[in-house]
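The values are calculated or read from the model by the stated rules, or taken from the named source; none is laboratory data. Computed from a predicted model, the values in this text were never measured in an experiment. Here the Cβ is made from the backbone with ideal geometry for all residues, glycine too, and neighbour counts use every protein chain on show. The area values use the complete protein model at the heavy-atom level, side chains included, leaving out ligands, DNA and RNA. Shrake-Rupley method; radii C 1.70, N 1.55, O 1.52, S 1.80 Å.
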Amino acid sequence: MFKDVDEQLEVLLRGAVDIVTKEELVKKIKRSQAENKPLRVKLGLDPTAPDIHIGNAIPIHKLQAFQSLGHTAILIIGDYTATVGDPSGVNKTRPMITYEKVLENARTYLSQAGKILDLKKTEVIYNSEWFKKMAFHDVIQLAAKMTVARMMERDDFTKRYNAGIPISVHEFIYPLMQGYDSIMVKSDIELGGTDQLFSLLVGRDLQRDAGVEPQVALTTPLLEGIDGNKKMSKSLGNYIGVTESPREMFGKAMSIPDNLMRKYFELATDLNANEINKLLDVQTHPRVAKAALAKAMILRYHCAEEAEAAAAEFDRVFKGHELPDKIPDIEISGSELADGKIWIAKLIVLCGFAATNSEARRLVQQGGVSMNNISINDPTLNIELQPGIILKVGKRRFARIALKI
């Protein structure tokens, strides 16, 4: 039923960063093969936002790799952990979100994860299944399994404490909750980004304390956004969403900094090492390599025909300086206008090109906004809105404005 250990490791270790421990992983795979019994591989997702981007998708693809090798994929939807908020990689307490919002986000997470995993063969479990049954004394018993000194070993907490930035007590509960999930699903292996390593190791501790064999912790890299600076994030606008159109994905991929191309090839495509090395050879023009990267990224979520069409559209629009064949019509209600005018930041938000007015203002200030090919650099500007004008934001996003009276 299972491939040889070396064949499995070649697939599973691609792009992996931390493996605690590799010896245990090899032992588990050998036992799985000998007993013809799949390993139970866990990945937890907290639905704190409505969409998944390709950075979020990296550990999901790793889970799919285990699934493709015949192991059992366990997707934990953290409807309870999401309300606490993961302290990993943040420099302040995350705002708590409502349970209703978490459930709303969870629905889109599942549909998007289904682009990667075979959900019919995936154990999808909400961790409210056990946490909602806990009495307060159960929570106290769980908290008693970890010392403050151990919690302060994580860099996030140490940096915040030394900087005088508050740490809320409930944040200490988060890794314990994540670790408790591992006990409940009898996890053999847990996956997560490198910022999740502490919580994965807590899972090992709790399993050991419960008298069961500890899980292997396997982490995948964090992916920088297309700006090349900070971790990919929707709030920073430097992301590529897994549900975006091929045209949008292609255009964004073409703006990836050259120095990050290898990382994107390895983490965001299914190309093998030989194909990647050939594309990144000095004899291959960077633009050709980047176009190949864009198409390979699109293939993970769309079909080959759509990838080719996106490439052709990009060449036509950005090399030929033409408008795209299809520009979405965005209807703006007359009630949004004051004396026939609208604030440029508000218009950008209404068109769906920014999530907030602040983000829209930044786009204007960065020189990425124009109307009918006339650049707009003043983020306070009120525009006299005429039907049919073309709003362009960045290099790839267009809208034809229509007025609804």
query = In terms of modelled amide H atoms, which long-range or inter-chain residues lie less than 5 Å from the amide H of I332?
reply = A402, L403, K404
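If you average 1/r over all unlike Cα pairs in the chain and invert the result, what Kirkwood radius do you get in angstrom? Before the final figure, lay out each step's value.
Numbers: mean 1/r = 0.0427 Å⁻¹.
This gives a value of 23.4 Å.
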query = What does the accessible area per residue of the chain come to in Å², with a 1.4 Å probe and no ligands, DNA or RNA counted?
reply = 49 Å²
inquiry  = Averaging the inverse of every distinct alpha carbon separation and then flipping it gives the Kirkwood radius. What is it for the range 247-405, in angstrom units?
reply    = 17.4 Å
task = Report the normalised scattering of the range 106-217 as log10 I(q)/I(0) at q = 0.17, 0.22 Å⁻¹, calculated by the Debye formula with identical scatterers on the alpha carbons.
result = -0.96, -1.31
task = Could I have the simple spin-label model distance between Q141 and L403, label points 7 Å from Cα toward Cβ, reported in nm to one decimal?
result = 6.8 nm
remark   = Ordered by number, the GluC sites (Glu not before Pro) in the range 146-202 that occupy a DSSP loop and have at most 13 other Cβ atoms within 10 Å are E153
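Could you give the dipole magnitude of the range 1-78 about its Cα centre, charging the beta-carbon of Lys and Arg +1 and that of Asp and Glu -1, in debye to the nearest 20?
Values: 11 positive and 10 negative charges, 55 e Å.
Around 260 debye, computed over the range 1-78.
Suppose we look only past 15 Å in the calculated P(r) of the range 133-189. What percent of the Cα-Cα pairs does that tail hold?
Details: 889 of 1596 pairs.
Percent of Cα pairs beyond 15 Å in the range 133-189: 56.
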message = Can you compute the charge dipole magnitude of the range 1-159 about its Cα centre, using +1 on each Lys and Arg Cβ and -1 on each Asp and Glu Cβ, nothing else charged? Give it in debye, rounded to the nearest 20.
response = 200 debye
inquiry  = With bins 5 Å wide starting at 0, give me the P(r) of the range 22-79 over every alpha carbon pair, in whole percents.
reply    = 5, 16, 23, 23, 14, 10, 7, 3, 0
ask   = List the lysines whose alpha-carbon lies under 19 Å from that of K28, not counting same-chain residues fewer than 8 positions away?
value = K3, K37, K42, K62, K186
message = Based on the alpha carbons, how large is the Rg to Rh ratio for the range 3-125 when Rh follows Kirkwood?
response = 1.01
request  = List, in the order given, every pair from K132/K231; K27/K145; K115/K295; K234/K392 whose Cα-Cα distance in the structure shown is over 25 Å.
outcome  = K132/K231; K27/K145
ask   = In terms of modelled amide H atoms, which long-range or inter-chain residues lie less than 5 Å from the amide H of T220?
value = V17, G192, G193, T194
Cα gyration tensor shape of the range 161-236, rounded if a/c is under 1.5, else prolate or oblate by comparing a/b with b/c = oblate
query = In nm, what is the difference between 0.36 nm times the number of residues separating E305 and S255 and their Cα-Cα distance?
reply = 15.8 nm
request  = For the chain, give the percent of accessible area contributed by carbon and sulfur heavy atoms, probe 1.4 Å, rounded to a whole number.
outcome  = 52 percent
message = Give the aspartates and glutamates whose C-alpha is closer than 19 Å to that of K346, dropping any in the same chain fewer than 8 places away, or say none.
response = D329, E331, E336, E359, D378, E384
query = In debye, nearest 20: dipole of the range 263-317 around its Cα centre with unit charges on the Cβ of K, R (+) and D, E (-)?
reply = 220 debye
